[in-house]
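As structure tokens, the structure follows; a few thoughts come after it.
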Ligand SMILES: NC(=O)c1ccc[n+]([C@@H]2O[C@H](COP(=O)([O-])OP(=O)(O)OC[C@H]3O[C@@H](n4cnc5c(N)ncnc54)[C@H](OP(=O)(O)O)[C@@H]3O)[C@@H](O)[C@H]2O)c1
């Protein structure tokens with residue numbers, strides 16, 4: 001089968017289309033014929049070596065943490081799926097990923113693909129959807145009528161987070177550039193702050209929840225706009241200017257010290273609870289997102305689709321930081337957008 005593998009840490013050019021053996025489904029796994037995958041910033045953070053201190057991979061390695069496809073074989077002990085089922089999910093970091101024609105994946109990390117979504121749309125949802133769900137629902141426990149600020153509302157996580165927050169009855173404020181204001185309003189945002197024209201921390205205050213997805217100085221500025229006792233799920237690490245020099249010296253432990261210090265500061269100064277969010281690679285949680293899709297409350301937006309051979313180009317586009325919704329990989333010719 002064809003798989004796009006990284007052969008070294010570096011720029012997009014380290015990604016190559018290789019001919020590799022098709023995997024077989026092990027215990028508790030299903031073999032998925034992949035129709036689509038997607039690009040997430042973590043893919044190029046891994047590829048460039050930025051996460052090397054946290055996770056070290058044996059190379060060559062297939063990246064890609066989203067999948068939509070069809071089960072073509074089941075391993076021993078599989079109970080939830082059978083051959084022919086359409087599935088989607090965001091499998092774990094520890095296994096080879098989904099920039100490939102097939103992957104053997106744990107059934108626990110998959111859910112039935114909602115019939116309302118094409119494979120391209122379904123591959124756009126799992127990683128960002130699980131992240132937004134973990135942040136807003138499982139950590140911040142967002143309630144109807146609460147006011148939530150979602151940073152980067154036009155991006156992969158943000159555009160799904162807006163829809164989840166609206167479905168929970170919250171009042172949604174989001175940041176984006178002027179060109180994306182109409183897009184985020186169409187997703188349900190009640191108020192849009194063009195972060196290039198106004199400083200959000202000068203025009204917002206007393207919010208219940210902030211979903212922090214930008215990092216750097218935005219983290220402290222976000223603390224300022226929360227009410228006393230508010231909640232801040234954060235999906236990014238990253239140092240503000242005053243601790244930036246720690247990073248290169250101490251490596252990943254510096255990030256952990258920095259996050260812990262910020263958590264203590266937020267709690268002591270404003271009674272704010274900060275949650276460091278990691279996407280859970282769980283099929284059962286994905287079913288909650290499927291229910292929203294089926295109810296017509298959630299639909300991922302595709303910005304651009306690239307064929308499997310063009311994953312490197314898709315990474316280049318993601319690295320511009322200007323995606324509007326999701327960048328997806330169409331693995332089979334039948335799934336290329338018309
Ligand atoms: N912890 C986890 O498990 C987890 C999971 C998923 C993602 N993440 C991290 O979360 C971050 C966002 O991920 P993503 O997939 O949403 O990225 P993305 O799709 O690449 O985000 C692109 C969007 O960011 C917006 N943006 C850039 N700078 C901004 C700023 N200063 N203020 C507001 N919006 C800004 C851009 O909008 P404009 O063009 O309008 O500026 C663009 O629409 C990444 O760092 C990613 O690695 C973490």
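Where does helix 283-294 land angle-wise versus the long Cα axis of the chain, in degrees 0 to 90, nearest 10?
Relative to the chain, helix 283-294 is tipped by roughly 80 degrees.
Counting other C-beta atoms within 10 Å, which of 90, 177 has the fewest, and how do the rest follow?
177, 90
Classify the chain: rounded, prolate or oblate, from the alpha-carbon gyration tensor (a ≥ b ≥ c, eigenvalue square roots; a/c under 1.5 rounded; otherwise prolate if a/b is larger than b/c)?
prolate
What residue among 93, 119, 159 has the largest mean-square fluctuation in a Gaussian network model of the chain, using Cα springs under 10 Å?
93
Testing the spin-label approximation: label points 7 Å from Cα along Cα→Cβ at residue 112 and residue 79. State their distance in nm.
Simple spin-label model gives 1.7 nm for this pair.
Can you tell me how much longer the chain between residue 333 and residue 182 gets when fully stretched, taken as 0.36 nm per residue apart minus their C-alpha distance, in nm with one decimal?
51.2 nm
In degrees, nearest 10, range 0 to 90: what is the angle between the Cα axis of helix 156-167 and the longest Cα principal axis of the chain?
70 degrees
In whole angstrom, how far apart do the alpha carbon centroids of segment 1-23 and segment 72-111 sit?
20 Å
Relative contact order of the chain, please, whole-number percent, based on alpha carbon pairs below 8 angstrom and at least 6 residues apart. Each step should come with its number before you reach the end.
Details: 786 pairs, mean separation 69.2, N = 338.
With pairs under 8 Å counted, the relative contact order is 20 percent.
Would you mind ranking 193, 203 by Cβ crowding within 10 Å, fewest neighbours first?
Working: 193 22, 203 11.
Ascending number of Cβ neighbours within 10 Å: 203, 193.
Please say if segment 111-211 is rounded, prolate or oblate, where rounded means a/c under 1.5 for a ≥ b ≥ c the square roots of the C-alpha gyration tensor eigenvalues, and otherwise the choice is prolate for a/b larger than b/c and oblate otherwise?
Oblate shape, in that a/c is at least 1.5 and b/c is the bigger or equal ratio.
If I build a Gaussian network model for the chain, linking alpha-carbon pairs within less than 10 angstrom, which residue out of 300, 280, 144 has the largest mean-square fluctuation?
144
Once both labels are modelled 7 Å past Cα along the beta-carbon direction, what's the residue 143-residue 198 spacing in nm?
It is 2.7 nm.
Sort segment 128-276 into rounded, prolate or oblate with this rule: let a ≥ b ≥ c be the square roots of the eigenvalues of the Cα gyration tensor; rounded if a/c is under 1.5, and if a/c is not under 1.5, prolate when a/b is larger than b/c, oblate otherwise.
prolate
Which one, 262, 306, 200, has the greatest fluctuation when you compute a Gaussian network model over the chain with C-alpha springs under 10 angstrom?
262
Relative to the longest principal axis of the C-alpha atoms of the chain, give the angle of the C-alpha long axis of helix 252-270, reported between 0 and 90° and rounded to the nearest 10°.
40 degrees
Grab the DSSP H runs of the chain that are 4 residues or longer, score each as -39,500 (n - 2.57), total them, divide by all residues and round the 222 nm result to the nearest 500 deg cm²/dmol.
After summing the helix terms and dividing by residue count, I get -8000 deg cm²/dmol.
Where does each of 232, 263, 278 land when they are ranked from fewest to most other beta-carbon atoms within 10 angstrom?
If I rank by nearby Cβ atoms, fewest first, I get 278, 263, 232.
Whole Å is fine, so just give me how far the alpha carbon centre of segment 315-338 lies from that of segment 122-168.
If you average the Cα positions of each part, the centres end up 21 Å apart.
Bear in mind that the values in this text are calculations on the coordinates, not laboratory data. Since we're looking at a predicted model, the values are computed, not measured. Neighbour counts run over all protein chains shown; Cβ positions are idealised from the backbone, glycine included.
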